[in-house]
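Comments concern the structure below.
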Amino acid sequence: MSEQNLFAELKPITFDGIDPNKPLVIAGPCSAESEEQVMDTAKGLAKSGIKIFRAGIWKPRTKPGGFEGIGLRGLLWMHQVKKETGMYTAIEVANREHVTAALDAGMDILWIGARTSANPFAMQEIADALKGHEEATVLVKNPVNPDIELWIGALLRLYNAGVRRLGAIHRGFSTYGKHLFRNEPQWHIPIELHRRIPNLPIICDPSHMGGKRELIGPISQQALDMGFDGLIIESHCDPDCALSDAKQQVTPESLNLIINTLVLRDTKQSTENLTLLRQHIDQCDNELIEVLSKRMAVCREIGQYKKEHNMQVVQNRRYSDIINKRVSQAEEMGLSGEFIQIVMQAVHEESVRQQIDVINKQIL
Ligand code: PEP
Ligand code: MN
């Protein structure tokens, strides 16, 4: 059965009072730390129009000794956020007890962290705990390692347990060493996830992807440009003093600024003009392939000739003549010389391969 059929009954993730035509925005601190910090942040975010509040109350830390979350006490504060601001609430769950406590406390969204979605035992335990709670909304972060099958497997365990309001969160993938991104985006992976399960909403987490405040805006814009369905962003009333992920959190005021500068692309626009241009591109690609095929046929003839006259296949002078001539011709036509050099090198390599192929066939 194709994956599209496996996930056929997914339901859209919508909430009363939230425009389903706009990206879903979830914001809040990495961790719930104190009642005051939770309420201050939530009120600031509510003022900026944020409708869904996130906070981690159980924190998966890489090494022991860090702040491991406030635990069950945090659920009371989350409940108070709901009561005082009217916001929906989202927390991370990693085992059966977390799921039961979160559902009992009326949390509106449960998310699965990147370390948990990488673990099929934990995912099955969570799925079993969700059986009979078909109304639950669950978002699954990508596993820490870039393994799309593991990500889909985690989603499927929840779907098979009856969860229909299911979504994915792209938060990037771990790599060894220091890089610009805390977690590499590898955008092709969520794109492939969307191709395989088109009706699954995908939300971007620019905070954990970038790992620094300055990257939240640019990553969010890129995600929206690529058609992501929402954003989950970390925000803290006093980011520099945060007990976890301090460098990537922004105040509710900064978050408001970031969100207001994001450009929403019009997804309802007619793609008619684009269709014509795409047909044109297809036509150009056809011509390119035909010309390349013609060129390779000539190369095979040359191979035959060289064989009959006992000549070497690669003649260096001819090769550099071709490259130089084509690079300057390309530049005159407004193309990048560097680009054409790469193309011509690839074409030349394939031509040599074709000639050698002809020669070898004659020997056999
Ligand atoms: C988080 O959202 O605070 C979190 C722990 O994220 P991740 O699982 O992506 O590391
Ligand atoms: Mn975090």
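Table for the structure above
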| read-out | value |
| --- | --- |
| Of residues in the range 96-119 being over 16 Å from residue 165 (Cα atoms) and either among the basic types (Lys, Arg) or loosely packed, with under 14 Cβ neighbours inside 10 Å (or both), the one farthest from ligand 1 (Cβ to nearest atom) | 104 |
| Inter-residue pairs, beta-carbon under 6 Å, first more than 16 Å from residue 264 (Cα to Cα) and open to solvent by less than 30 Å² (accessible area, probe 1.4 Å) and in the range 8-32, second among the polar types (S, T, N, Q) and in a loop (DSSP other than H, G, I, E, B), 6+ apart | 10/199; 30/244; 31/244 |
| Residues being over 29 Å from residue 63 (Cβ atoms) and open to solvent by 100 Å² or more (accessible area, probe 1.4 Å) - total across the range 239-260 | 3 |
| Checking residue 203 against (1) out of contact with any Gly (no Cβ under 6 Å at 6 or more places or on another chain); (2) under 18 Å from residue 20 (Cα atoms); (3) within 16 Å of ligand 1 (Cβ to nearest atom), the condition it does not meet | (1) |
| Count of residues meeting criterion [part of a helix (DSSP H, G or I) and under 35 Å from the mean Cα position of the chain (by Cα)] in the range 310-348 | 11 |
| Top-ranked residue in the range 219-229 [being surrounded by fewer than 24 Cβ atoms within 10 Å (Cβ to Cβ) and of a type outside the set (Val, Ile, Thr); ranked as farthest from residue 192 (Cα to Cα)] | 221 |
| Residue identified as exposed (fewer than 12 other Cβ atoms within 10 Å of the Cβ), more than 16 Å from residue 298 (Cβ to Cβ) and not β-branched (Val, Ile, Thr) among 361, 325 | 325 |
| When residues of the range 134-180 are limited to those that are among the aliphatic types (A, V, I, L, M) and in a loop (DSSP other than H, G, I, E, B), the one surrounded by the fewest Cβ atoms within 10 Å (Cβ to Cβ) | 180 |
| Complete set of residues in the range 181-215 that are within 15 Å of ligand 2 (Cβ to nearest atom), open to solvent by 40 Å² or more (accessible area, probe 1.4 Å) and either part of a loop (DSSP other than H, G, I, E, B) or in contact with a Ser or Thr (Cβ under 6 Å, 6 or more places away or on another chain) (or both) | 181, 182, 212 |
| Qualifying residue in the range 216-226 (condition: free of Cβ contacts under 8 Å to residues at least 12 places away in the same chain and within 16 Å of ligand 1 (Cβ to nearest atom)) | no |
| Any chance residue 92 is within 16 Å of ligand 1 (Cβ to nearest atom) and touching a residue at least 24 places away in the same chain (Cβ under 8 Å) | yes |
| Which listed residue, of 126, 91, is crowded, with 23+ Cβ neighbours inside 10 Å, hydrophobic (A, V, I, L, M, F, W, C), at pLDDT 95 or above and not in a helix (DSSP H, G or I) | 91 |
| Residues of the range 237-278 classified as assigned to a loop (DSSP other than H, G, I, E, B), under 24 Å from the mean Cα position of the chain (by Cα) and within 14 Å of ligand 2 (Cβ to nearest atom), total | 3 |
| Number of the condition not met by residue 228 [criteria: (1) away from ligand 2 (no atom under 16 Å from the Cβ); (2) part of a helix (DSSP H, G or I); (3) at pLDDT 95 or above; (4) not acidic (Asp, Glu)] | (2) |
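The values are calculated or read from the model by the stated rules, or taken from the named source; none is laboratory data. All figures in this text were calculated on a predicted structure; none of them were measured in a lab. We place every Cβ from the backbone using ideal geometry, glycine too, and count neighbours over all the protein chains shown. Heads up: the accessible areas ignore ligands, DNA and RNA and are worked out on the full protein's heavy atoms, side chains in. Shrake-Rupley method; radii C 1.70, N 1.55, O 1.52, S 1.80 Å.
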